1. Over the heavy atoms of H20, what accessible area does a 1.4 Å probe trace out, to the nearest 10 Å²?
2. Based on the alpha-carbon gyration tensor of the chain, what equivalent-ellipsoid semi-axes (square roots of 5 times the eigenvalues) come out, in whole Å, largest first?
3. Under 26 Å from the Cα of K41, which lysines turn up, not counting those fewer than eight places away in the same chain?
4. Å³ per residue of the Cα convex hull, for region 218-332?
5. Picking from L403, L204, L42, which is most flexible by a Gaussian network model of the chain using Cα springs under 10 Å?
6. If you roll a 1.4 angstrom probe over the protein chains with everything in place, what fraction of the accessible area of the chain belongs to carbon and sulfur, to the nearest %?
7. Determine the distance separating the Cα centre of region 120-162 from the Cα centre of region 349-411; give it in Å without decimals.
8. Just the number please: accessible area per residue for the chain, 1.4 Å probe, all protein chains included, in Å².
Amino acid sequence: RVWATAAQWRKVLGQPLIVHKGTPTAPFDVYDLPSVPKFDKLTYVGGGATVYDAAIDSGGGGYGASVQNAAQINRARAATSSGSSTLPAPWPLNVGTPGTHTCVSDTSLAHSVYTPNQIATAYGVSALRETVASKAVRFSVIDLGGGYLGSDLQAAARCFGYVAPTLDVETGDGISDPIRNNNDETELDLQTVGAYAPGSTIQLIESTNGPASLLDAISRMLANPEGVPDGASISYGQCALQEANGNLLLLQAISRLIILGDAAGASIFAAAGDWGSTTCGNSEQGTSQSFVASSPWLTAVGGTRLVLNSRNQRVGEVAWNDRAYGIIAGGGGGASRVFKRPWYQNEVSTASMRVVPDFAFLADIQPGWPVMLNGEIESVGGTSGSTPFAMAEFALLSARQRLAGEPPVGFINPWLYQL
């Protein structure tokens with residue numbers, strides 16, 4: 001990488017950098033080059049340098065898919081709305097058995113969320129207890145632009161009866177202080193991983209939300225002195241890094257880093273997105289997908305609506321789409337515009353391009369994932385819930401393999417499609 005101060009860039013370019021100031025709810029200043037200098041033996045793949053401005057951070061702001069921020073979701077997706085006069089359907093309820101010893105037991109929230117134990121039963125994974133594997137597993141959670149509250153992590157663990165995780169926080173380029181704004185996306189990532197691997201240690205990589213930040217974050221993940229993680233979760237994807245509109249050289253650079261992670265034995269998962277097959281909205285002709293999930297070298301996780309019976313058994317599961325309930329949000333899916341169909345999809349797809357997701361789990365808003373945010377539980381949906389859940393389970397499998405002296409699971413897509 002090449003770096004310099006703003007004053008040094010001004011001297012090199014003969015003019016100052018272009019600066020876009022952040023806001024209290026999005027406290028990130030973006031510094032961009034007015035012209036791209038010519039480098040010998042180097043290729044410019046950046047999209048501006050993003051710097052966290054702690055002085056203007058309001059300390060709040062949630063960006064995930066939830067009932068509480070339905071208005072923001074619908075304003076952002078207004079281009080996809082047809083103006084139908086049909087009234088939204090009532091939200092489905094949790095008719096399973098949440099359990100008697102949680103903070104949502106015997107409250108109205110018991111019908112709005114699925115507790116971690118309910119989800120564990122439905123998907124046939126381990127209950128919320130400490131194991132040798134959960135102590136040994138190496139998790140990485142990459143978060144772009146969001147912070148968390150340690151008190152929320154502890155409160156969620158007390159609520160659902162598990163040992164809270166320990167965080168190893170690393171800040172990326174452009175961040176001098178840990179990000180303060182308490183983001184429901186970050187809390188969802190951390191609380192989901194923590195619930196299914198009690199007492200584990202999670203490496204949280206806090207990066208800014210600029211286009212080049214993902215390159216920085218994945219680099220830091222692979223350079224962790226504790227070793228390459230068993231599993232990594234990336235709950236990030238938007239049109240700004242979209243293959244149709246983005247910097248192709250940057251996408252290729254990020255994909256090469258992901259390949260390095262695969263070769264080192266990491267299982268890397270990315271959220272397929274929360275906007276169905278139109279991540280870029282109707283202003284973009286045709287379907288559009290979310291990068292980084294569309295990369296063929298990681299596992300893209302989509303979203304479902306999960307229906308349980310009174311014994312918490314799965315009796316129904318369909319693609320997640322909450323339009324009927326008045327919120328324009330649904331699981332990402334469709335064909336890439338840049339990445340060709342990988343060999344492991346030859347037997348299941350006739351599309352010439354990479355298709356996503358590779359599999360899907362619960363991502364519905366209600367009943368959805370329970371998230372402790374500022375001391376209160378709310379139901380949050382999105383593939384930012386299904387992704388860390390999937391990552392946690394496969395990373396635990398890798399840790400068990402490692403403890404038994406066997407190779408890690410690593411890149412799982414060829415294995416999954418063979419099954």
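1. Estimated to the nearest 10 Å², H20 gives 100 Å².
2. Working: eigenvalues 211, 120, 107 Å².
Calculated on Cα positions only, the semi-axes equal 33, 24, 23 Å.
3. Within the straight-line limit of under 26 Å, K41 reaches these lysines: K11.
4. Working: hull volume 15.6 nm³, N = 115.
Taking only Cα atoms, region 218-332 has a hull volume of 136 Å³ per residue.
5. Among L403, L204, L42, the largest mean-square fluctuation in the Gaussian network model of the chain belongs to L42.
6. Values: 9740 of 17930 Å².
That fraction is 54 percent.
7. 12 Å
8. Values: 17930 Å² over 419 residues.
On a per-residue basis, 43 Å².
The values are calculated or read from the model by the stated rules, or taken from the named source; none is laboratory data. As the structure is a computational prediction, the values presented were derived from the model and not from experiment. Heads up, the Cβs are rebuilt from the backbone with ideal geometry, glycines too, and the neighbour counts pull from every protein chain shown. Accessible surface areas use protein heavy atoms only, side chains included; no ligands, DNA or RNA. Shrake-Rupley method; radii C 1.70, N 1.55, O 1.52, S 1.80 Å.
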